[in-house]
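**Student:** Submitted below is the structure of interest, expressed as structure tokens.
Every number here is computed from the coordinates shown, using simple stated rules; none is lab data. Quick caveat: nothing in here was measured; it's all calculated off a predicted structure. A quick note on method: Cβ atoms are made from the backbone with ideal geometry, for glycine too, and the neighbour counts reach across all protein chains shown.
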């Protein structure tokens, strides 16, 4: 009896659909220079929102393909829906933390 090899779990950044260097390489490179403008924090948030939107659209297409012509297996549909749901929940958690941080900054006494 042959046992299939176990594949290593991919890094979290690839699981979430994020692009970029692995964490170890980023830590070894040192702190990133401060970037302001469209390529900084706003661009990072925009990329995250676009990634969530892409996953939601992919899940919608998978559902449509399953319902219309049954060309996609049900497990792929449920996987796409799960990815879209987790991405949305993560985005909402990040938004909540950002709002909370903003409120704390606004309540600070100068």
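**Student:** In nm, to one decimal, how far is the modelled label at residue 41 from the one at residue 75, with both set 7 Å along Cα→Cβ?
**Tutor:** 4.3 nm
**Student:** Assuming 0.36 nm per residue, please report the length gained on full extension of the stretch residue 86 to residue 99 beyond their Cα-Cα distance.
**Tutor:** So the extension gain works out to 2.7 nm.
**Student:** Running Debye on the range 36-106 with equal point scatterers at the Cα sites and no solvent, what base-10 log of I(q)/I(0) appears at q = 0.17, 0.22, 0.25 Å⁻¹?
**Tutor:** Taken in order of the listed q values, log10 I(q)/I(0) reads -0.71, -0.92, -1.04.
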